[in-house]
1. Once you place label points 7 Å from the Cα toward the Cβ at His111 and Lys26, how far apart are they in nm?
2. Looking at this model, which pairs from Lys25/Lys107; Lys55/Lys107; Lys26/Lys107; Lys51/Lys95; Lys22/Lys51 are more than 26 angstrom apart at the alpha-carbon?
3. Taking R0 as 25 Å, what FRET efficiency do you get between Leu103 and Tyr37 from their Cβ-Cβ distance, rounded to the nearest 0.05?
4. Report the extension gain between Glu81 and Leu7 in nm, rounded to one decimal, defined as 0.36 nm multiplied by the number of residues separating them, less their alpha carbon distance.
5. If you count, for each residue, the other Cβ atoms within 10 Å and average over each peptide, how do 83-94, 41-52, 11-22 line up from highest to lowest?
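Derivation of every value follows stated rules applied to the coordinates shown; laboratory data play no part. Everything numeric in this text was worked out from a predicted model, so none of it was measured. All Cβ positions, even for glycine, are placed from backbone atoms using ideal geometry, and neighbour counts span all protein chains on display.
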Amino acid sequence: MNNIESLLVEIRDLLTEMVKQKESKKRKSRAEANDLYTPGFEAAWSSYPRKIGKKMAAKAYRNALARIQTRPRMSSLLAEEPESVILRGVLAYAKVWPESRILEEAKYCLHMATFLNQDRFDDDPAAWGKEESNGEFGGPKWEPTVD
């Protein structure tokens, strides 16, 4: 009987430890989610024309920042902050995708995670939306209206 009792105690201890680990992972996950939504990301997200997949976009934003930070800088005077590089690209993309165009051609507008994962913030904004209709590079030819 003593062996059975000791086994039961051991099983109880293992189960207790498993529950603690699971709760710890949940807390980490919540903390990670809070860390993802930085002020820089929120500024880019609020300006981005197609708001789908916020969590994936936040992870892509974090990874894009890391990629930009590993680039060699030509000069400290010319170097932009990584957040500024991304925000500049997002704002330029948003000009090409006004709300009226989103309503008509939303399927061609990249999700923010795709935009960031492909480093599209480094693209020439003049090329966005002018390629042939293949869905891969911004959709059908489109000329922005002059305000």
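1. Between His111 and Lys26, the label points sit 2.7 nm apart.
2. Lys25/Lys107; Lys26/Lys107; Lys22/Lys51
3. For R0 = 25 Å, the calculated efficiency reads 0.40.
4. Fully extending the segment from Glu81 to Leu7 adds 20.8 nm.
5. For the peptides 83-94, 41-52, 11-22, the packing ranking is 83-94, 41-52, 11-22.
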